[in-house]
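Below you'll find the structure, written out as C-alpha cells, and then a few comments.
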Amino acid sequence: GTGISPFIYTQNSLSLSVLFWGFFSSRYTVNTFFLSFYHVFTEPTFVSASWVQRTDDPDNEKIYVFFREKNSDHNREADPLISRIARVCKVDEGGSKRFFQNMWTSFLKARLVCGIPKESLYFNRLQDVYVMHADNWQDTRVYALFTSNWNSTAVCIYTIKMIENIFENSKFKGYNNNLPTPRPGTVRTLLFNIVKDHSEMADWVDSDPFYISTNNYTKIVVDRVQAADQRFYNILLLATGIKFRFLSSFAQKTLIVGSAERITAVNLQSCQEYSKSCEECVLARDPYCAWTNDGYSRNKFSLISLIALFPFSPPFLSFLQEPRNRTKREIPPLSSVHLRTVHSVPQGVPFYLSCPIDSYHAEYTWEQKGQKSPCLQMLTNCLHLIPSMSQEKYGTYRCISEEKDYIKVVGTYELIENQDPKKCSKSNTPDNWNAAPALIPEMTWITLLLALLIHSRGNA
C-alpha cells in the first residue's frame with residue numbers, strides 16, 4: 001500500500017516487526033497512521049533498523065535506524081555521502097492535531113563515523129549493520145560495515161551505551177540557546193520546534209576500525225560461539241555482492257545466502273571436511289568444529305583461539321568434552337602420511353615437481369640436499385621448476401608445509417637419472433604438460449611456461 005511498500009521492488013526500504021513497518025509508518029493502535037519526516041533527510045538510503053528492548057523500562061525503549069544520506073558539505077574533498085544513526089521512541093505516536101500532526105516528536109539523528117582520525121583515514125559509506133543484543137540493553141553491540149572511496153572495507157563496533165551517550169548529552173547542531181527541561185527528544189513538550197529544526201546532534205558517534213580489509217565487502221553477520229577455554233567469541237561472516245541472513249537452530253547453524261537468482265543454505269558446521277586428523281582440524285581454525293580423542297565433532301566447545309593460545313601439541317585436547325556414541329578409531333599422524341613418487345629423467349631436459357596445497361594459511365617450500373627453495377604456487381598446486389636436469393639436480397625432494405609451528409611433509413619425490421630417453425618419465429616434462437590437466441589447470445599453462453623461461457634465462 002501507499003506509504004508502506006516502495007513503488008518498485010529494487011527501491012530501498014526497511015521493515016521492523018508489526019509495530020514498526022518500514023521507516024515511514026507505525027501501527028501502534030488499530031487505526032493505522034503514517035508518521036513522516038522527509039524534512040530531516042537528504043536523499044537517504046536506508047540500511048537497517050533495530051528495536052532494542054529494555055526489560056527494566058519498556059516504556060522508554062528506542063528504535064534505531066541506520067542509513068546513508070547526501071552530504072551537505074560541498075567541499076571537493078568531502079565525501080558526497082555520510083552515514084548516520086537515528087533514534088525514535090517506540091511509543092512515539094506523533095504530535096497532536098494542532099502541532100506536528102503525523103510527524104515524529106522524538107526523532108534525533110547523529111553522524112556515524114568509522115575511521116582513524118590521526119591518519120585522516122575514514123570509511124564514510126555504511127553498507128550493512130548487524131545488531132547483537134545483550135541481556136543488559138546498554139551492552140548491545142552494533143557491528144557496522146563501512147566502505148571507503150577506494151573500496152576498502154572496515155568493521156566498527158558501537159555499543160548502545162555509546163550511542164545513547166551522544167543522544168542524551170550532545171548539543172544540538174545549529175542550536176546555541178539554553179535547552180529546556182525536560183530535554184527535547186525524550187518526552188512531549190511544546191518546544192517541538194527544537195526537534196523539528198535541530199534534530200541532528202553536534203557530536204559524532206565514532207569508533208576505531210575493528211577490522212580493515214582491501215576486499216569490498218557489502219554484508220555482515222555476526223555469530224557467537226563458546227570455545228574450549230569456556231570463553232565466548234564473536235565470529236564475523238562477511239560477503240561481497242550478495243545478501244545473506246543467519247539462522248540458528250538447535251541441530252545446526254545455517255547461513256542463508258541469497259541473490260537475485262537463487263537462495264542457498266550453507267551449513268556452517270561442515271566438520272567432516274577435517275575428518276582425517278586432529279592436526280588438520282585444529283589448523284583449519286574452524287570456530288564451529290572441535291576434535292576429541294574419538295574424532296571430529298560439532299561440539300559447542302570449539303577449538304577457536306586455542307591454536308594461538310597454546311603450542312601445537314596434544315595436551316590441549318583435554319579441554320574438550322567428548323561426544324557420546326562415537327566410535328573410536330586410530331588415525332596415523334598427518335605428518336607421516338604423504339606421497340612418495342619416483343621419476344626417471346634423463347639429463348638436459350626441463351622438469352617440474354608438483355605437490356597439492358592443503359592449506360592456504362601454510363607456507364610451502366621445497367627441500368633437496370639440505371637446500372630450501374620457495375614454492376611456485378599455481379592455484380591448488382605447489383610447483384618446483386627445474387630448467388635443465390643435471391647431475392646435482394637428482395636426488396630426493398620434499399614438499400614441506402609450515403603453519404603455526406606445525407611442519408608437515410606433503411610429498412616426497414625421487415629423481416633418478418635415466419640413461420635411455422625412450423623410457424623417460426614424461427608426465428612432468430614440458431612436452432607432455434597438456435596431458436596432465438589434473439596437475440596444471442589450463443589457465444596456468446602459459447604462466448608456467450613463462451616462469452620456466454624467465455627462470456632459465458636468469459640461470460643462463
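Read the figures in this text as sums done on the coordinates, not as results from a lab. All values reported here derive from a predicted model rather than from experimental measurement. Cβ placement follows ideal geometry from the backbone for every residue including glycine, while neighbour counts extend to all protein chains displayed.
Between the beta carbons of Ser373 and Asp79, assuming R0 = 35 Å, the FRET efficiency works out to 0.15 to the nearest 0.05. Simple rule: put +1 on each Lys or Arg Cβ and -1 on each Asp or Glu Cβ in the range 38-217, find the dipole, and look at Tyr130, Met103, Pro80; the Cα lying farthest toward the positive end is Met103. Of Lys219/Lys404; Lys219/Lys253; Lys276/Lys369; Lys171/Lys196, which sit over 25 Å apart, Cα to Cα? From the list (Lys219/Lys404; Lys219/Lys253; Lys276/Lys369; Lys171/Lys196), the Cα-Cα distance tops 25 Å for Lys219/Lys404; Lys276/Lys369.
If only the Cβ of Lys and Arg carry +1 and only the Cβ of Asp and Glu carry -1, the dipole of the range 38-217 around its Cα centre is close to 500 debye. Applying the criteria of a DSSP loop state and at most 14 other Cβ atoms within 10 Å to the GluC sites (Glu not before Pro) of the range 115-168 yields no site. Residue by residue, the range 386-397 carries 3J(HN,Hα) couplings of 10, x, 8, 6, 9, 4, 6, 7, 7, x, 9, 10 Hz when phi is fed to the Karplus relation 6.51 cos²θ - 1.76 cosθ + 1.60 (θ = phi - 60°); x denotes Gly or Pro. The H on the amide N of Ile357, modeled in the peptide plane, is under 5 Å from the matching H of Asn381, Cys382, each at least 5 residues off or on a different chain. Length gained on full extension, Asn136 to Arg54, computed as 0.36 nm times the residue gap minus the Cα-Cα distance: 28.7 nm. Going from the residue with the fewest nearby Cβ atoms within 10 Å to the one with the most, His198, His384, His361, His74 rank His74, His361, His198, His384. Using the Cβ-Cβ distance between Val91 and Arg340 with R0 set to 60 Å, the FRET efficiency works out to roughly 0.20.
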